[in-house]
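The values are calculated or read from the model by the stated rules, or taken from the named source; none is laboratory data. Since we're looking at a predicted model, the values are computed, not measured. Methodologically, a virtual Cβ is constructed for each residue, glycine included, from the backbone with ideal geometry; neighbour enumeration extends over all protein chains shown. Protein only, heavy atoms only, side chains kept; ligands, DNA and RNA dropped before computing areas. Shrake-Rupley method; radii C 1.70, N 1.55, O 1.52, S 1.80 Å.
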Amino acid sequence: MQHVIIGNGPAGVVAADTLREADPAASIILLGDEPEPPYGRMALPYLLAGNIDEAGTHLRRDPEHYDRQGIELRTARVTALDPDRAQLALDDGASLDYDHLLIATGSRPNRPSIPGIDDPRVQTCWTLADARAIAALTERDAEVVLLGAGFIGCIVLQALAERGVRLTVVETAERMVARMLDANAGGLLQAWCERHGVSVRTGTSVTAIETGGETLGVTLDDGSVLPAQLLILAAGVSPNIDFLAGSGIETGRGILVDQCLRSSKPGIYAAGDVAEGRDFSTGHRMVHAIQPVAADQGRCAALNMAVHPTPYPGGLAMNVLDTLGLVSCSFGAWDGVDGGDSAELLDRDRFRYLNLRFAEDRLVGATGLGLTQHVGALRGLIQSRHRLGPWQARLQRDPTRVMEALVGCSVQL
Ligand SMILES: Cc1cc2nc3c(=O)[nH]c(=O)nc-3n(C[C@H](O)[C@H](O)[C@H](O)COP(=O)(O)OP(=O)(O)OC[C@H]3O[C@@H](n4cnc5c(N)ncnc54)[C@H](O)[C@@H]3O)c2cc1C
């Protein structure tokens, strides 16, 4: 049996290890197109902030791990897939046959079409090579513009702040992290950043980048121009599915997978940022684009490839950010469900906010800010799908009692 995995990020590496455990005799080939040992993108901000070295980004610390596990690492880009012949075409001209295939090619950062965007002082923060380039361009007090204040943008913001640069964030949406935080939380986060010396321009777009001078001139839609030694793009991501053209594999935003992470073609699975799989809260398909879901899907896809049908319960949308010391989070259906109740605590002066969302008497989503002690309990209550019973009214009076509610509901079982 030959298992081939395209993509050596968290989804691919967890899948390879799970396959080895489940199928000791199989051949396992793990393909990646970057000239690096398998590493985790979510470690890049810690590298930039100087908290870890490059080896600290590697997904398996022991360089002999893959050899010992009998997992063949190969550096090559897959350019095409022929499901009828069960064969991949590689960019070095070779072809590769498979019995089972896992596509775990992740996503790539969007590059908006802005004049000047190809200047080397305009970078994404997506690969180890990007992190090296950013480190080289960001001496202390360098002027840096960050385009995009979404989830990844805010993580990069934190790393840049730790490097001691002077930072302006430009965000097209009317608030920061609009896909994760509601207006109250997004507004508080912006006020917090400004209080800590980061300039935040929401509802604003970059229209051009002047590249002729010693510094870049980042032109905004109100006509103002920001000087910058570096412009970092964090303008969303797109799943890596281009090489599937002509393969007949069904795609939406990502590769459409069923509850066992199977694609529309037999023997071909998908996991991680490239997969559009079941969402825990809605039951609908979505691309989750977070590492815990990538790792869970990688594990589950591998079990399906090697052993027997193993359904995936659905990925929980879950984001936690630490921005200049202020922790914000959102879980599940954080913006509510039709006809559902909610409970809110807002303390603007102390930068504290909690919003709970209910469907009948279950907690289905939450947004929090400045209340770190509740993060685990919020996730636990949502994932356990406990009926809250009398706890719903108590939470509506005081949303901070989530830990008590979790314990109370668990004891009732
Ligand atoms: C700066 C940053 C910070 C982040 N922080 C967090 C965080 O705090 N929490 C969190 O949950 N998530 C975070 N993420 C997101 C997280 O990194 C991703 O969700 C996760 O990496 C997805 O894993 P994956 O294996 O699906 O894809 P990836 O990690 O993207 O791996 C895919 C691999 O496939 C390779 N590949 C692509 N196409 C081909 C091809 N045609 N042939 C061969 N190989 C190919 C790619 O080069 C890559 O090595 C962060 C991301 C970034 C960039």
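Annotations for the structure displayed:
- For the range 347-413, the relative contact order works out to 29 percent when only alpha carbon pairs closer than 8 Å and six or more residues apart are counted.
- The GNM of the chain, with springs linking C-alpha atoms under 10 angstrom apart, assigns the highest mean-square fluctuation among Ala377, Ala366, Ala294 to Ala377.
- For the set Glu36, Glu194, Glu214, solvent exposure ranked by accessible area (probe 1.4 Å, protein chains only) runs largest to smallest as Glu214, Glu194, Glu36.
- Residue-level accessible surface for Met1, protein heavy atoms, 1.4 Å, Å²: 120
- Subtracting the Cα-Cα distance of Ser95 and Glu64 from 0.36 nm times their residue separation leaves 8.5 nm of extension gain.
- For Gly336, nonlocal amide neighbours, meaning residues 5 or more places apart or on other chains whose placed amide H falls under 5 Å from its own, do not occur.
- Rough spin-label spacing in nm, given labels placed 7 Å along Cα→Cβ, for Val225 and Arg397: 6.2
- If you sort Glu139, Glu21 by accessible surface, 1.4 Å probe, largest first, the order is Glu21, Glu139.
- Applied to the range 32-42, the Karplus parametrisation 6.51 cos²θ - 1.76 cosθ + 1.60 on θ = phi - 60° returns per-residue 3J(HN,Hα) values of x, 10, 10, x, 9, x, x, 9, x, 5, 5 Hz, with x for Gly and Pro.
- Cα gyration tensor, the range 235-313 - rounded (a/c under 1.5), prolate or oblate: oblate
- Dipole-positive endmost among Ser199, Leu226, Leu189 within the chain (Cβ charges, Cα centre): Leu189
- If you take the Cα centroid of the range 100-157 and the Cα centroid of the range 1-65, the two points sit 21 Å apart.
- Which of Ile155, Ala15, Ile103, positive extreme of dipole for the range 1-158 (C-beta unit charges): Ile155
- Solvent-accessible surface of the chain, averaged per residue with a 1.4 angstrom probe and all protein chains in place: 44 square angstrom.
- The simple Förster model, with R0 at 35 Å and r as the Cβ-Cβ distance, assigns Arg108 and Arg385 a FRET efficiency of 0.50.
- Charge dipole (debye, nearest 20) of the chain; +1 at Cβ of Lys and Arg, -1 at Cβ of Asp and Glu: 1120
- Cα-centre dipole for the range 254-413 with unit charges at Cβ (Lys and Arg positive, Asp and Glu negative), debye to 20: 300
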